[in-house]
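The values are calculated or read from the model by the stated rules, or taken from the named source; none is laboratory data. These figures come from a predicted structure and were not determined experimentally. Positions of Cβ are backbone-derived with ideal geometry, glycine not excepted, and every protein chain shown enters the neighbour counts.
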Amino acid sequence: MKPLPLLLALTGLLIIMVVSLCLGKYPLQLTEICSFFRQEWFGGALLSVERMELLRNLLLEIRLPRILAAALIGAALASSGAAYQAMFVNPLVSPSLLGVLSGASFGAALGMVFFKNWYEVQLASFLGGVAAVLVAVGLARVYRISGTIMLVLGGVISGALFAALLSLVKYLADPYNQLPAIVYWLMGNLSLADRSTVLRVSLPICLGLVILMLSARKLNVLSMGDEEAAALGINVQRVRLLVIGAATLISALTVVIAGAVGWVGLIIPHIARMLVGPDNTTLLPVSALLGAGYLIVVDDVARLAFAFELPIGIVTALVGIPFFMLVLGNARKGWQ
């Protein structure tokens, strides 16, 4: 592991988070934010009671949960994409490979039709993502073809299946109330990322990230090929299922928070790989930190670029497509 790139990426992420706290339709000065947290934590009379109440609502209830949600989503998608790319030895792999995003989207849409409670919708979204990956893995195990070919094909089939089911739910939904909510949510947005949701999903996402980081050395060996990894004492199936399970967990939870957010898990691992190389012990944590910072910046753009707020999924696609085209020409360097 290279400590310097990790330190630089962590420093950049902290700077982005602090600047994002200051930005908004109601901009704040950094000195005032520091005074608020100092008075909130240690007491004193730096600010008036009315000002403290305003800042408490603005920072602790709106901006900070949204920034943390963006950081969690970016870290989860970027690290999942990096782990999948290492495991499948394919630069075009993303967290949606096994159908998790399609399944989670279907589950959320189904929840919006049949449930009234938002927590039930989020649970349905998570279960849909898990179900999609189980279908993909189940197909691979049924046909008993070694290697990753059947996993990829199973993911294609699962993604297509749940995309079709999502279209069916949208067709049957109420066109005046349910359908607009489903379409808007599927564009990806952080407007519903409140403090309770962030607290509820942060622990499992962090747990999944830790599992991926601890699997980094085995992913290094696995990227050499299944036969070589088995010859070096790696239980290929166990490592593969562990990585898929952790990546599925955190990818499905990102949909629970903000809907379908694309391109992060595809382009950020390429950038990290060009910066630090293919060693997953450094690549995975750097990808997570870069992904977190990137999505916070994209959310700032989505909030502030226009008089209205753009869905974050649209912004990541508009930024990601041309950026990926630029990165693609140099992507080979990161794999050498």
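List of remarks:
- Whenever a residue of the range 239-258 is touching a residue at least 40 places away in the same chain (Cβ under 8 Å), its partners that are among the aromatic types (Phe, Trp, Tyr) and assigned to a helix (DSSP H, G or I), lying with C-beta atoms within less than 8 angstrom and at least six residues away or across chains, give the pairs VAL243/TYR84; ALA247/TYR84; ALA252/PHE126; LEU253/PHE126; VAL255/PHE126; VAL256/PHE126.
- Residue in the range 159-172 that is closer than 28 Å to ALA78 by Cβ and either of a type in the set (S, T, N, Q) or not in a helix (DSSP H, G or I) (or both) present: no
- Selection within the range 188-198 - of a type outside the set (D, E, K, R) and either in a helix (DSSP H, G or I) or under 14 Å from the mean Cα position of the chain (by Cα) (or both): GLY188, ASN189, LEU190, ALA193, SER196, THR197, VAL198
- Helices (runs of 4 or more DSSP H) wholly inside the range 18-121 that include at least 1 residues being among the small types (Gly, Ala, Ser) and closer than 25 Å to LEU161 by Cα: 64-88, 100-114
- For the range 144-158, a residue qualifies if it is of a type in the set (Gly, Ala, Ser) and not in a helix (DSSP H, G or I), and the qualifying residues are SER146, GLY147.
- Verdict on GLY259 being on the phi > 0 side of the Ramachandran plot and crowded, with 24+ Cβ neighbours inside 10 Å: yes
- Any hit, the range 10-26, residues being over 21 Å from GLY293 (Cα atoms) and either surrounded by fewer than 24 Cβ atoms within 10 Å (Cβ to Cβ) or β-branched (Val, Ile, Thr) (or both): yes
- GLY128 being on the phi > 0 side of the Ramachandran plot and under 20 Å from the mean Cα position of the chain (by Cα): no
- Set side by side, the residues GLY245, GLY208, GLY188, GLY265 differ, and just one is modelled with pLDDT under 90 and among the small types (Gly, Ala, Ser), which is GLY188.
- Of the set (1) of a type outside the set (Asp, Glu); (2) surrounded by 22 or more Cβ atoms within 10 Å (Cβ to Cβ); (3) assigned to a helix (DSSP H, G or I), all apply to ARG141 but (2).
- So ARG240, is it out of contact with any Pro (no Cβ under 9 Å at 6 or more places or on another chain), buried (at least 19 other Cβ atoms within 10 Å of the Cβ) and farther than 27 Å from ALA132 by Cβ: no
- ALA246 falls short on exactly one of the conditions (1) closer than 24 Å to GLY107 by Cβ; (2) over 11 Å from the mean Cα position of the chain (by Cα); (3) surrounded by fewer than 22 Cβ atoms within 10 Å (Cβ to Cβ); (4) small (Gly, Ala, Ser), and that condition is (3).
- Residues in the range 199-235 that are more than 27 Å from the chain's Cα centre (by Cα) and part of a helix (DSSP H, G or I): 6 in all.
- Listed by first and then second residue, the pairs with beta-carbon distance under 8 Å, at least 6 apart or on different chains, first residue in the range 172-191 and surrounded by 13 or more Cβ atoms within 10 Å (Cβ to Cβ), second of a type in the set (Lys, Arg) and assigned to a loop (DSSP other than H, G, I, E, B), form an empty list.
- One residue from GLY245, GLY313, GLY262 being out of contact with any strand residue (DSSP E or B) (no Cβ under 7 Å at 6 or more places or on another chain), among the small types (Gly, Ala, Ser) and outside any helix (DSSP H, G or I): GLY262
- Of all residues in the range 273-287, those that are more than 12 Å from GLY81 (Cα to Cα) and in contact (Cβ under 8 Å) with a residue 24 or more places away in the chain have Cβ atoms under 9 Å from Cβ atoms of residues that are assigned to a helix (DSSP H, G or I) and among the aromatic types (Phe, Trp, Tyr), 6 or more apart or on another chain, in PRO278/TRP335.
Every residue, every condition in (1) over 18 Å from VAL93 (Cβ atoms); (2) touching a Leu at 6+ places or on another chain (Cβ under 8 Å); (3) modelled with pLDDT under 90, yes or no:
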position: LEU212; (1), (2), (3): no, yes, no
position: GLU227; (1), (2), (3): yes, no, yes
position: ILE234; (1), (2), (3): yes, yes, yes
position: LEU283; (1), (2), (3): no, no, no
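- From the list LEU97, LEU92, LEU123, the lone residue that is modelled with pLDDT of 90 or more and in contact with a helix residue (DSSP H, G or I) (Cβ under 8 Å, 6 or more places away or on another chain) is LEU123.
- Every pair of residues 6+ apart whose Cβ atoms lie under 8 Å, when the first sits in the range 52-73 and is closer than 26 Å to GLY208 by Cβ while the second is polar (S, T, N, Q) and surrounded by 24 or more Cβ atoms within 10 Å (Cβ to Cβ): LEU72/THR254; ILE73/THR254
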